[in-house]
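Reading through the structure tokens given below for one structure.
The values are calculated or read from the model by the stated rules, or taken from the named source; none is laboratory data. The structure displayed is predicted, hence computed values, not measured ones. In this analysis, Cβ positions are derived from the backbone assuming ideal geometry, glycine residues included, and neighbour counts consider all displayed protein chains.
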Amino acid sequence: MQRSTNASATPIMTVDASTVRHIARLARIAVSDAEVEALAPELNNILGWVEQLQEVDVSGVEPMTAVIPNALRLRDDVVTDGGIREDVLANAPVAEHGFFAVPKVIE
Amino acid sequence: MSGLTDLGIAAIRDGVRGGDFSAREVAEAFDAAVERGRALNAFTVETPEIALAAADAADKARASGDLKPLSGVPLGIKDLFATKGVQTTAGSRILEGFEPVYESTVSGNLLAAGAGMLGKLNMDEFAMGSSNETSAWGPVLSPWRRNDGGNAALTPGGSSGGSASAVAARLAPGVTGTDTGGSIRQPAAFVGITGIKPTYGRCSRWGMVAFASSLDQAGPMARDVRDCAIMLEAMAGFDPKDSTSLELPVPAWEANLSSDIRGKRIGIPKEYRIDGVPAEIDEVWERGIAWMRDAGAEIVEVSLPHTKYALPTYYIIAPAEASSNLARYDGVRYGRRVAPQNGNLTDMYEATRAAGFGAEVKRRIMIGTYVLSAGFYDAYFNQAQKVRALIARDFERAFAEVDLLLTPTAPSAAFGLGEKSDDPIAMYLNDVFAVPASLAGLPAISVPAGLNAEGLPLGLQLIGRALDEQSVLNAALAFEERAGFTARPEAWW
């Protein structure tokens with residue numbers, strides 16, 4: 001299949017290695033140098049491909065927020081759940097004394 | 001009684017009700033088929049005892065005259081649905097060993113309707129894929145092979161690949177799937193079965209592992225239209241636990257099934273004729289158009305001018321939502337944890353997510369993080385949400401003229417494992433015909449239309465107005481009657 005691309009549009013930005021490291025940091029995913037090397041062109045390909053959206057005239061169009069019109073419901077402000085600490089902790093990789101346990105945060 | 005696995009949902013339900021066989025015999029037959037079918041890698045967990053327990057309950061219910069809508073019907077459940085006490089991984093290593101303490105609304109609805117569970121079905125990791133090759137538990141094999149005498153392993157499609165293979169190979173009479181951008185319809189087409197994605201909001205997303213919340217929707221996959229109608233009725237319904245669940249009664253889709261579609265207007269979107277799509281896709285589309293004409297429908301050409309922007313729109317919105325949804329996998333509350341020696345909390349997050357997520361999931365999280373990051377939000381995400389509104393408007397305008405749309409489901413028949421896995425965008429193009437209806441939240445079904453020259457199934461898609469699943473199912477039934485699709489893969493597994 002042919003890809004529709006928009007060669008004439010100016011790219012918003014090109015993703016380089018330092019940008020990949022920055023995004024990975026924001027996403028909290030550790031990446032090796034080799035992965036950064038591989039990811040930069042992959043992300044550029046995908047971002048270059050989605051860039052064709054810039055050519056669409058969207059003047060006067062509101063961004064979609066719900067595909068099917070549906071008002072958010074309100075419920076009574078009462079406790080409807082709780083008292084299930086063991087259930088909540090049941091799948092924790094490490095739980096101690098009724099809490100989730102994590103590496104020390106404050107030295 | 002291996003003949004029992006040849007029966008679909010309606011036949012099993014009616015046979016148990018009529019006393020032609022017991023629910024236990026059915027469950028035993030499918031449990032055995034699941035075990036024999038292990039070479040397909042369709043199941044991640046087998047739960048024969050749960051299927052048997054439900055069957056025994058069904059046999060008791062029959063004796064006491066207390067049968068439920070799905071009593072005696074064993075089903076497969078996609079591993080995206082949280083199942084109480086049964087490992088739920090969404091195809092990801094990061095959820096290895098996760099045993100939910102609750103049941104998803106959709107699987108719970110099915111169990112409450114009397115159905116049994118044969119096991120959890122393999123899938124692309126977090127439903128991100130179109131070939132089931134991104135699963136942490138290995139790809140699912142399609143039961144189909146090309147008729148060239150070779151044994152090339154083919155994909156059943158994705159992300160509901162295990163679901164598709166299980167039904168096509170007669171390991172289950174029906175299964176749940178989920179569809180974010182084609183994940184029910186494309187695999188259904190690849191293996192010659194029927195699958196419907198209902199209107200967004202019909203099925204509760206509560207307890208469904210989230211990928212892209214504004215798009216994710218559950219639906220049934222089964223051998224025919226009636227079976228899909230039966231299952232969808234049991235799955236759907238208002239759920240206060242999902243804020244996007246539609247507060248509407250569930251229509252009696254099965255009782256109202258009718259293949260009389262005389263006078264219906266069916267649109268053929270001209271923008272779905274895309275360069276580079278193999279001729280066999282156009283041919284099967286023309287055959288489908290002729291069948292709809294034969295059924296008394298009026299065929300009308302329509303235009304959906306923003307179609308070409310649907311895929312790029314999807315590949316901004318879906319990764320953006322995924323990057324947000326998947327932030328929850330932090331190694332703290334559930335799933336895997338990788339904590340480097342003497343590392344701090346951030347090191348733990350980063351190591352956990354690096355080890356737990358596969359390449360495609362990381363790629364999409366990174367794309368999503370990028371398009372949502374400071375300075376790019378308007379250019380990418382907001383622009384995509386505006387184009388999405390235009391895509392939905394295209395459909396609205398078309399549905400002012402026609403009742404349904406008929407299109408191909410996928411741009412090709414099933415491809416071989418490894419053929420597209422090194423090119424993300426080539427893989428994304430699989431969903432070119434499926435994604436627009438997802439972006440607009442519309443009900444859409446894939447029905448088998450025939451075999452190509454290589455002996456592989458091809459499917460066509462019917463898209464309907466929001467909430468009009470009945471018209472979609474009825475037209476699909478008329479289609480099914482004319483297609484007369486009875487081909488099935490020869491058992492090699």
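Which residue out of A:59, A:32 is more than 7 Å from every other protein chain (Cβ to nearest Cβ), modelled with pLDDT of 95 or more and under 26 Å from residue B:362 (Cα atoms)?
Going through A:59, A:32 in turn, just one is more than 7 Å from every other protein chain (Cβ to nearest Cβ), modelled with pLDDT of 95 or more and under 26 Å from residue B:362 (Cα atoms): A:32.
Just name the residue that is nearest to the other protein chains (Cβ to nearest Cβ) out of those in the range B:284-308 that are farther than 15 Å from residue B:274 by Cβ and in a loop (DSSP other than H, G, I, E, B).
The selected residue is B:297.
Take the range A:82-107 and flag every residue that is more than 9 Å from chain B (Cβ to nearest Cβ), under 30 Å from residue B:244 (Cα atoms) and not in a loop (DSSP other than H, G, I, E, B).
A:85
Of the conditions (1) without any contact (Cβ under 8 Å) to a residue 40 or more places away in the chain; (2) closer than 30 Å to residue B:227 by Cβ; (3) of a type in the set (Lys, Arg), residue B:273 satisfies every one except a single condition; which number is it?
(2)
Take the residues in the range B:343-374 that are more than 9 Å from every other protein chain (Cβ to nearest Cβ) and part of a loop (DSSP other than H, G, I, E, B); name whichever of them is nearest to the chain's Cα centre (by Cα).
B:358
Do you know which of the residues in the range A:16-29 that are more than 7 Å from chain B (Cβ to nearest Cβ) and assigned to a helix (DSSP H, G or I) is surrounded by the fewest Cβ atoms within 10 Å (Cβ to Cβ)?
Selected residue: A:18.
How many residues does the range B:391-424 contain that are in a helix (DSSP H, G or I), surrounded by fewer than 18 Cβ atoms within 10 Å (Cβ to Cβ) and within 12 Å of chain A (Cβ to nearest Cβ)?
Total meeting the criteria: 2.
Answer yes or no: is there a residue in the range B:262-280 that is surrounded by 22 or more Cβ atoms within 10 Å (Cβ to Cβ) and either within 14 Å of another protein chain (Cβ to nearest Cβ) or part of a loop (DSSP other than H, G, I, E, B) (or both).
So far as the range B:262-280 goes, no, none of its residues is surrounded by 22 or more Cβ atoms within 10 Å (Cβ to Cβ) and either within 14 Å of another protein chain (Cβ to nearest Cβ) or part of a loop (DSSP other than H, G, I, E, B) (or both).
So which of B:36, B:24, B:62 is basic (Lys, Arg) and in contact (Cβ under 8 Å) with a residue 60 or more places away in the chain?
On inspection, the qualifying residue turns out to be B:36.
List every residue pair whose Cβ atoms lie under 7 Å apart, where the two residues are 6 or more positions apart in sequence or sit on different chains, the first residue falls within the range B:86-112 and is within 14 Å of chain A (Cβ to nearest Cβ), and the second residue, located anywhere, is surrounded by fewer than 18 Cβ atoms within 10 Å (Cβ to Cβ) and of a type in the set (S, T, N, Q).
B:97/B:87; B:98/A:91; B:98/B:87; B:99/A:91; B:99/B:87
Looking for something hydroxyl-bearing (Ser, Thr, Tyr) and surrounded by fewer than 24 Cβ atoms within 10 Å (Cβ to Cβ) - is there at least one such residue anywhere in the range B:437-452?
No, every residue in the range B:437-452 fails to be hydroxyl-bearing (Ser, Thr, Tyr) and surrounded by fewer than 24 Cβ atoms within 10 Å (Cβ to Cβ).
Give the number of residues within the range A:62-81 that are within 25 Å of the chain's Cα centre (by Cα), of a type in the set (S, T, N, Q) and more than 7 Å from chain B (Cβ to nearest Cβ).
Here the count works out to 1.
Would you confirm whether or not the range B:467-478 contains a residue that is in a loop (DSSP other than H, G, I, E, B) and either among the aliphatic types (A, V, I, L, M) or surrounded by fewer than 24 Cβ atoms within 10 Å (Cβ to Cβ) (or both)?
Yes, there is a match, as at least one residue in the range B:467-478 is in a loop (DSSP other than H, G, I, E, B) and either among the aliphatic types (A, V, I, L, M) or surrounded by fewer than 24 Cβ atoms within 10 Å (Cβ to Cβ) (or both).
Residue check: is residue B:447 touching a Phe, Trp or Tyr at 6+ places or on another chain (Cβ under 7 Å) and either closer than 25 Å to residue B:250 by Cα or without any contact (Cβ under 8 Å) to a residue 40 or more places away in the chain (or both)?
When the stated conditions are applied, residue B:447 passes them.
For residue A:68, indicate whether it is part of a loop (DSSP other than H, G, I, E, B) and of a type outside the set (S, T, N, Q).
yes
Which residue is nearest to the chain's Cα centre (by Cα), if the candidates are limited to the range B:67-94 and must be of a type in the set (A, V, I, L, M), buried (at least 24 other Cβ atoms within 10 Å of the Cβ) and outside any loop (DSSP other than H, G, I, E, B)?
Taking the candidates together, the pick is B:77.
Which pairs turn up if I take residues in the range B:309-338 that are within 7 Å of chain A (Cβ to nearest Cβ) and at positive phi and look for partners that are in a helix (DSSP H, G or I) and polar (S, T, N, Q) with beta carbon separation below 6 Å, at least 6 apart in sequence or on another chain?
Cβ pairs passing all conditions: B:331/B:352.
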